[in-house]
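Beneath this line is the structure, given in C-alpha coordinates, with notes to follow.
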(Lines give C-alpha, C1' and ligand atoms only; values in the text may rest on other atoms or scores of the structure.)
Protein backbone atom coordinates (compact mmCIF):
# COMPACT_ATOMS: atom_id res chain seq x y z
CA UNK A 1 0.00 0.00 0.00
CA UNK A 2 2.81 2.41 0.87
CA UNK A 3 4.51 2.02 -2.52
CA UNK A 4 1.15 2.74 -4.25
CA UNK A 5 0.89 6.05 -2.42
CA UNK A 6 4.53 6.93 -3.16
CA UNK A 7 3.94 6.10 -6.82
CA UNK A 8 0.91 8.40 -6.98
CA UNK A 9 2.63 11.26 -5.11
CA UNK A 10 5.66 11.15 -7.43
CA UNK A 11 3.38 10.85 -10.50
CA UNK A 12 4.90 7.48 -11.32
CA UNK A 13 8.44 8.80 -11.73
CA UNK A 14 9.64 6.55 -8.90
CA UNK A 15 8.90 3.01 -10.06
CA UNK A 16 6.63 0.71 -8.09
CA UNK A 17 8.57 -2.51 -7.58
CA UNK A 18 6.94 -5.83 -6.79
CA UNK A 19 8.72 -9.06 -5.79
CA UNK A 20 7.33 -12.56 -6.10
CA UNK A 21 9.21 -15.45 -4.50
CA UNK A 22 8.96 -19.05 -5.68
CA UNK A 23 10.32 -22.10 -3.85
CA UNK A 24 10.19 -25.53 -5.45
CA UNK A 25 11.19 -28.67 -3.57
CA UNK A 26 11.47 -32.23 -4.87
CA UNK A 27 11.57 -34.96 -2.21
CA UNK A 28 12.04 -38.68 -2.80
CA UNK A 29 12.32 -40.37 0.61
CA UNK A 30 12.97 -43.83 -0.91
CA UNK A 31 16.17 -42.60 -2.60
CA UNK A 32 16.92 -39.98 0.08
CA UNK A 33 16.82 -37.12 -2.45
CA UNK A 34 15.85 -33.57 -1.58
CA UNK A 35 16.33 -30.70 -4.01
CA UNK A 36 15.16 -27.17 -3.18
CA UNK A 37 15.59 -24.07 -5.30
CA UNK A 38 14.40 -20.50 -4.78
CA UNK A 39 13.69 -17.75 -7.28
CA UNK A 40 12.68 -14.10 -7.00
CA UNK A 41 10.93 -12.35 -9.89
CA UNK A 42 10.74 -8.57 -9.72
CA UNK A 43 8.58 -6.24 -11.79
CA UNK A 44 8.58 -2.46 -11.94
CA UNK A 45 5.92 -0.02 -13.08
CA UNK A 46 6.26 3.68 -13.74
CA UNK A 47 5.18 6.25 -16.31
CA UNK A 48 8.49 5.79 -18.12
CA UNK A 49 7.52 2.22 -18.97
CA UNK A 50 4.61 3.53 -21.06
CA UNK A 51 7.05 5.02 -23.57
CA UNK A 52 9.37 2.03 -23.84
CA UNK A 53 8.93 -0.47 -26.64
CA UNK A 54 8.49 -4.10 -25.65
CA UNK A 55 11.05 -6.42 -27.19
CA UNK A 56 9.70 -9.60 -28.75
CA UNK A 57 8.25 -12.15 -26.31
CA UNK A 58 8.32 -9.70 -23.38
CA UNK A 59 4.57 -9.41 -22.92
CA UNK A 60 4.05 -13.01 -21.81
CA UNK A 61 3.91 -14.23 -18.26
CA UNK A 62 7.39 -13.74 -16.79
CA UNK A 63 6.34 -15.36 -13.57
CA UNK A 64 4.91 -18.47 -15.26
CA UNK A 65 7.97 -18.96 -17.44
CA UNK A 66 10.35 -18.43 -14.52
CA UNK A 67 8.40 -20.93 -12.43
CA UNK A 68 8.47 -23.50 -15.26
CA UNK A 69 12.22 -23.07 -15.72
CA UNK A 70 12.81 -23.44 -11.99
CA UNK A 71 10.70 -26.61 -11.88
CA UNK A 72 12.62 -28.06 -14.84
CA UNK A 73 15.92 -27.19 -13.13
CA UNK A 74 14.87 -28.94 -9.89
CA UNK A 75 13.76 -32.08 -11.75
CA UNK A 76 16.97 -32.15 -13.83
CA UNK A 77 19.10 -31.88 -10.68
CA UNK A 78 17.06 -34.63 -9.00
CA UNK A 79 17.77 -36.96 -11.95
CA UNK A 80 21.50 -36.27 -11.71
CA UNK A 81 21.53 -37.02 -7.97
CA UNK A 82 19.47 -40.20 -8.45
CA UNK A 83 22.03 -41.73 -10.85
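The values are calculated or read from the model by the stated rules, or taken from the named source; none is laboratory data. Fair warning: this is a prediction, and the values are worked out from it, not measured in the lab. Note that each Cβ is placed from the backbone with ideal geometry, even for glycine, and that neighbours are counted across all protein chains shown.
Overview of results
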| quantity | calculated |
| --- | --- |
| Matching residues, the range 43-60, being exposed (fewer than 10 other Cβ atoms within 10 Å of the Cβ) and either at pLDDT 75 or above or under 22 Å from the mean Cα position of the chain (by Cα) (or both) | 50, 52, 53, 54, 55, 56, 57, 58, 59, 60 |
| Which numbered condition residue 37 fails, given (1) modelled with pLDDT of 90 or more; (2) under 29 Å from residue 15 (Cβ atoms); (3) out of contact with any strand residue (DSSP E or B) (no Cβ under 8 Å at 6 or more places or on another chain) | (3) |
